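The values are calculated or read from the model by the stated rules, or taken from the named source; none is laboratory data. Here the structure is a predicted model, which is why all the values come from computation and not from measurement. Because the Cβ atoms are built from the backbone with ideal geometry, glycine has one as well, and the counts that use them run over all protein chains shown. To get the accessible areas, we keep the full protein, side chains included, count just its heavy atoms, and leave off ligands, DNA and RNA. Shrake-Rupley method; radii C 1.70, N 1.55, O 1.52, S 1.80 Å.
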Amino acid sequence: AASSPSIPGGRSDRVLSDVLHLARNLRAGFVLAREGALALVDPSVLPPSARLALRLARLLERRGLDEPTAGTARLSAALTRLGPSYVKFGQFLATRPDIVGVAVGRDLERLQDRMPPFPRSDAIRMIEAALGRPLGALFLDFSEPVAAASIAQVHKAHIATADGAYVVAVKVMRPGVRGQFARDLQAMRFAARLVERFAPEARRLRAREVVETLARSVSIEMDLRLEAAALSELAENTRNDAEFRVPKPEWDLTERDVQIVE
């Protein structure tokens, strides 16, 4: 007999979702262990089974990471290796020394929101899709990336005018970044639930609250129109201060995935 089709939102979908989240968290745990970041975990606050798991996980550490400061030195490296979502997570935790401790917070402050650039051709595709015009109708020229971060990257371009041309910065969202952040945040939510369920003493860390705060922050950064609005507001608030030079958004060339400023 034919098997019954799975019902969206049913138990089978939830099981599959949990398996995927578990796999992502296992990968993250492997990278943290490999980079020596688990040296930061105090085994005395863990239940016996978790202490055993921690000892086994630390067997994965790369050689040369047995210095007393290895954990703090390697946590930022592990988060960078895990990708943009975890870099953002680390930057957020750097503002919460009450959760991670002062030493870890200081190390996480060194996390740089710098990622490898994506190809210029992908940026052109994103711009043309967002603005509905070919690149040649928008700019006289369009450079290779001049800066790249976890959510977007920046290019230099020139816009023609009746008197010549002026230079602008073109900020373009990374292709697929929303899906990547959504998957990683769901995995983080899953991990937070597990921590609170199986390690009640860790509830003081409010892991779920931390993840949801990060999710709200990222959702704002994912809309470049909101950043442009913040620039306009800052310009208005400082218009009488000659010491301030605030970039001016080109509102007719700014959309959710593309922001152009003069």
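Could you identify the single residue in P175, P247 that is touching a strand residue (DSSP E or B) at 6+ places or on another chain (Cβ under 9 Å), touching a residue at least 40 places away in the same chain (Cβ under 8 Å) and either more than 29 Å from L140 (Cα to Cα) or assigned to a loop (DSSP other than H, G, I, E, B) (or both)? None of the others qualify; the one that does is P247. Any residue at all in the range 167-186 that's within 30 Å of G101 (Cα to Cα), buried (at least 17 other Cβ atoms within 10 Å of the Cβ) and of a type in the set (G, A, S)? No: the range 167-186 contains no residue that is within 30 Å of G101 (Cα to Cα), buried (at least 17 other Cβ atoms within 10 Å of the Cβ) and of a type in the set (G, A, S). Remark: E227 matches the filter, which requires a residue to be under 30 Å from D122 (Cα atoms) and charged (D, E, K, R). Residues of the range 239-257 include none that is touching a Lys or Arg at 6+ places or on another chain (Cβ under 7 Å), over 18 Å from A130 (Cα atoms) and surrounded by 13 or more Cβ atoms within 10 Å (Cβ to Cβ). Residues that are under 15 Å from the mean Cα position of the chain (by Cα) and under 15 Å from L38 (Cα atoms) within the range 89-119 comprise G90, L108, listed in sequence order.
Take the range 27-56 and flag every residue that is exposed (fewer than 12 other Cβ atoms within 10 Å of the Cβ), among the aliphatic types (A, V, I, L, M) and either part of a loop (DSSP other than H, G, I, E, B) or modelled with pLDDT of 85 or more (or both). Outline the logic, then answer.
Restricting attention to the range 27-56, the residues satisfying the condition of being exposed (fewer than 12 other Cβ atoms within 10 Å of the Cβ) are 42, 44-45, 48-49, 55-56.
Filter again for among the aliphatic types (A, V, I, L, M), leaving 45, 56.
If the condition is that a residue be exposed (fewer than 12 other Cβ atoms within 10 Å of the Cβ), among the aliphatic types (A, V, I, L, M) and either part of a loop (DSSP other than H, G, I, E, B) or modelled with pLDDT of 85 or more (or both), then L56 is the only one that fits.
In this structure, A23 does satisfy being within 21 Å of the chain's Cα centre (by Cα), outside any loop (DSSP other than H, G, I, E, B) and either modelled with pLDDT under 85 or of a type in the set (A, V, I, L, M, F, W, C) (or both).
Pairing each residue of the range 203-231 that is farther than 14 Å from W251 by Cα and outside any helix (DSSP H, G or I) with any residue that is open to solvent by 50 Å² or more (accessible area, probe 1.4 Å) and modelled with pLDDT of 95 or more, provided the two are 6+ apart or on different chains, yields C-beta distances under 9 Å for M222/R256. Checking each residue in the range 57-69 for being of a type in the set (A, V, I, L, M, F, W, C), modelled with pLDDT of 80 or more and open to solvent by less than 100 Å² (accessible area, probe 1.4 Å) picks out A57, L60.
Out of all the residues in the range 111-137, which are over 19 Å from M173 (Cα atoms) and either of a type in the set (S, T, Y) or surrounded by fewer than 13 Cβ atoms within 10 Å (Cβ to Cβ) (or both)? G136, A137, listed by residue number.
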